[in-house]
1. So what's the net charge close to Ile7: Lys and Arg +1, Asp and Glu -1, counting the other residues with Cβ under 12 Å from its Cβ?
2. What's the local net charge at Gly83, with K and R +1, D and E -1, over the other residues with C-beta under 15 Å away?
3. In nm, to one decimal, how far is the modelled label at Glu109 from the one at Leu94, with both set 7 Å along Cα→Cβ?
4. Suppose R0 equals 41 Å; then what is the FRET efficiency for Lys11 and Asn65 from their Cβ-Cβ distance, rounded to the nearest 0.05?
5. What net charge is computed for the residues neighbouring Cys52, neighbours being all others with C-beta under 13 Å from the C-beta of Cys52, Lys and Arg scored +1, Asp and Glu -1?
6. Over the range 3-102, what relative contact order in percent results from Cα pairs under 8 Å that are six or more residues apart?
Amino acid sequence: MPTPFKIAITKEIISHCKNCGTGNEADRIESNCAIAVALADIFPKVYVTNFCIFPFGIDGDTVKNIKIPLPPIAQQFIKLFDGFRFAPKLRLLLPEFEFTIDIPDEVIEQINIDDVRELIVAGSAGSDHASVITNNHSLLERVLI
């Protein structure tokens, strides 16, 4: 049974990513966009497209090429964010938002539980390092069961 997972795209993340795709790093956009940055702590090789998330990247390993669909609100954010590529300061006007994805069991099984514990502890201590999972302790509980 998939595990619901809340992702927060904060103003800090939007600010950090405002120049994504505006320079010579066009081949890295899918790993440096706001949604990818929000997920990077738990999925270091994450690759984001307009319609889905590849939590373990797309390195040609068909076993790990698992994709998680993005909800419409995240797809719309990507369209708006990408539309401001030539005026990146306008990206700062985009509102922060949250959305939920359903993480399949096969992805949960591959997450390093020690890394998740560290992120939850960091998030609980008030660090912004773990913005994705600070309020999602159920992920740890689900992995431990």
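1. Neighbourhood net charge equals -3.
2. Details: positive: Lys18, Lys79, Arg85, Lys89, Arg91; negative: Asp82.
After counting each charged neighbour, the total is +4.
3. Those two pseudo-labels are separated by 3.4 nm.
4. On the way: r = 32 Å, r/R0 = 0.79.
In this case the efficiency is close to 0.80.
5. Here the count lands on -1.
6. Values: 142 pairs, mean separation 36.7, N = 100.
Relative contact order for the range 3-102 comes out at 37 percent.
Bear in mind that the values in this text are calculations on the coordinates, not laboratory data. Predicted, not measured: the structure shown is a model, and the values here were computed from it. All Cβ positions, glycine included, derive from the backbone under ideal geometry; neighbour counts span all protein chains shown.
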